[in-house]
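Below is one structure. I have some questions about it.
The values are calculated or read from the model by the stated rules, or taken from the named source; none is laboratory data. These numbers come from a predicted model, not from an experiment. Here the Cβ positions follow ideal geometry from the backbone for every residue, glycine too, while neighbour counts run over all protein chains shown. These accessible areas exclude ligands, DNA and RNA; they are computed on the full protein's heavy atoms, side chains included. Shrake-Rupley method; radii C 1.70, N 1.55, O 1.52, S 1.80 Å.
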Amino acid sequence: MNIIAWNVQGLGNDWTFQILHDYVQQYSPHLVFLSETLCSKSQMERWRIKLGYSGMLIWEKEGRSGGLCLFWSDTINVQLLSGSKRHIDVLVTSHNSIHWRFTGLYGNPDTSLRNHFWNLLKRLSDFSSLPWLCGGDLNEILFSHEKQGGVDMAHYLMKNFRDTLNYCGLADLGFRGPKFTWCRGRATSLIQERLDRMLGNREWMDLFPNSGVHHLNLWGSDHRPLLVELLRVDESSILGKSWKRGRFHFEEAWVDEVSCSNIIKEHWNSMSVDSLYGVAGKLRLCASDLAKWNLESFRRLKLQVRKMKTAFDRVDKQLSSHNWKEHQRLEKALFALRYKEERYWKQRSKDMWLKCGDRNSKFFHKKASARQAKNSISGLLDANENWCDTEQGMAQIIESYFKILFSSSSPSLAEFDRVLDSIDRKVTSQMNEQLDQAFGPEDVREAVFQMAPTKSLGADGMSAIFYQRFWPIVGEEVTVACLGFTNRGLPLGDINETIITLLPKIKNPA
């Protein structure tokens, strides 16, 4: 189980929200606590939907400052205990009915009012003896070595913080990654402090003994996000997983690639066809070469992302006034690569409501993987109630079922007449005349461009976006072939083949 706590310094900023998306898709946090959202309740509700969370608690901004929010997934249960502009305190039920507290904190930035915040933390401590995890941007450091640059922190402020933790029985959970969580200034006068941290009481640390806190990258805000991994004794291993090679899919991410366009031109200009048989042949040749090209080019993209991320992490961990400009340059370059990677996974995720630009390739990958797991079929009962779990056997069961479902019972003309005689005529002669008119090229084009670009593919793996984006190349022959079928009754051939997909309507079909 993972938790992210982050002072976002305004979630209305598109760039910051895109980065939050990136973290959500990468780490799949069950809880996300955000401070300084600077957003209204309606804005946060939109972000909740886009991030895919089932629950939300907020404390709205006051004027142009503040704002707290807690998102959670449907895999845990969350109950509000108390809230204010400085905290959200909840009871969490996770890990097979284990109960513990989580409190997201936002310390008062005004040092003259800091004691009010410490008193709040003490009252929260007295409220319950449950295992307790709390943290966020506390706007204070514990020791002088947690600050670099600028004026030294007053010792009494740090002592008040330490005294409060002692009273509450809370301990700092430590961290992995860069030392400082907040950074501001210019290259010549950079100030860095560890203002953000996670705290736990003894009961919570006994409950999750293998847990750890990670300081994530500094981008999109002056504060680093905190990632908390909640691991019990039996949760340190990673289970292996086997994968099967999938069939060809035309990917949306290819449409802007010059190499993709060249492959299609090469095959489409190699010969002229005027039937759906001929079009199907060209599609098979395109698919074969596109699959080979994709394997090579997107492997390179994955390697590029990995190399850029490594370079960014190296600079980020040693952030100083000397490499601040390099940090910004690498941040922009990594963002551009992530955008490209996101589009590759977007089509597979089937989340049509998410638009390009959300920078969330890992989110889409998670959704695509989750969808694959949800739609996997381990076995089926045949017509005689016999269980079958082999691929060939299940395929025969499915094919047989739909053949029977869509086969005609061959009723007689007399039976047809009896049914039709009881139905009022709705189609007039004039309407029938219009319906009988021959189709034209514009009808074919209109039908193609009305289709959702990346929804369910046919057996050839080509989605509507293939025809829509490369219509100047393929449109003429596709139009002639389609009109040959609709107007002259020419056979469809194997282009009419389809794929049967069973969609589960309940969570755990049995």
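Over all alpha-carbon pairs of the chain, lay out the pair-distance distribution in 20 Å bins, whole %, shortest bin first.
Cα pair-distance distribution for the chain, in percent: 18, 41, 27, 12, 2.
Suppose only helical runs count, i.e. DSSP H with n ≥ 4. What mean residue ellipticity at 222 nm does that imply for the chain under -39500 (n - 2.57) per run, divided by all residues and rounded to the nearest 500 deg cm²/dmol?
Mean residue ellipticity, 222 nm, calculated: -14000 deg cm²/dmol.
Now a separate question. Compute the long axis of helix 14-27 from its Cα atoms, compare it with the longest principal axis of the Cα atoms of the chain, and write down the angle in degrees, 0 to 90, nearest 10.
90
So what's the angle, to the nearest 10 degrees on a 0 to 90 scale, between helix 258-268 and the longest Cα principal axis of the chain?
10
Report, to the nearest 10°, how far helix 155-168 tilts away from the longest principal axis of the Cα atoms in the chain, using its own Cα long axis and a range of 0 to 90°.
70
When only the heavy atoms of the protein chains count and the probe is 1.4 Å, how do Tyr27, Tyr167, Tyr339 rank by accessible area, highest first?
Largest accessible area first, the list is Tyr167, Tyr339, Tyr27.
In whole percent, and with a 1.4 Å probe on the protein chains, what portion of the accessible area of the chain is carbon and sulfur?
It is 51 percent, rounded to a whole number.
Let me have the relative contact order for the chain, percent, based on Cα pairs under 8 Å that are six or more residues apart.
The value is 13 percent.
Can you give the accessible area of Leu165 in Å² (nearest 10), computed on protein heavy atoms with a 1.4 Å probe?
10
Please identify which residues in segment 463-488 have an amide N closer than 20 Å to a label point set 7 Å out from the Cα of Asp256, following the Cα→Cβ vector.
So the set is 463-472.
Report the full-extension gain for the segment Ser40 to Lys325: residue separation times 0.36 nm, less the Cα-Cα distance, to one decimal in nm.
Stretched fully, the Ser40-Lys325 segment lengthens by 99.2 nm.
For Leu91 and Glu385, what does the FRET efficiency come to when R0 = 41 Å and r is the distance between their Cβ atoms, rounded to the nearest 0.05?
Result of the calculation: an efficiency of 0.35.
I would also like to ask the following. Could you rank the peptides 218-225, 435-442, 39-46, 447-454 by their average count of other C-beta atoms within 10 Å per residue, with the highest value first?
218-225, 39-46, 447-454, 435-442
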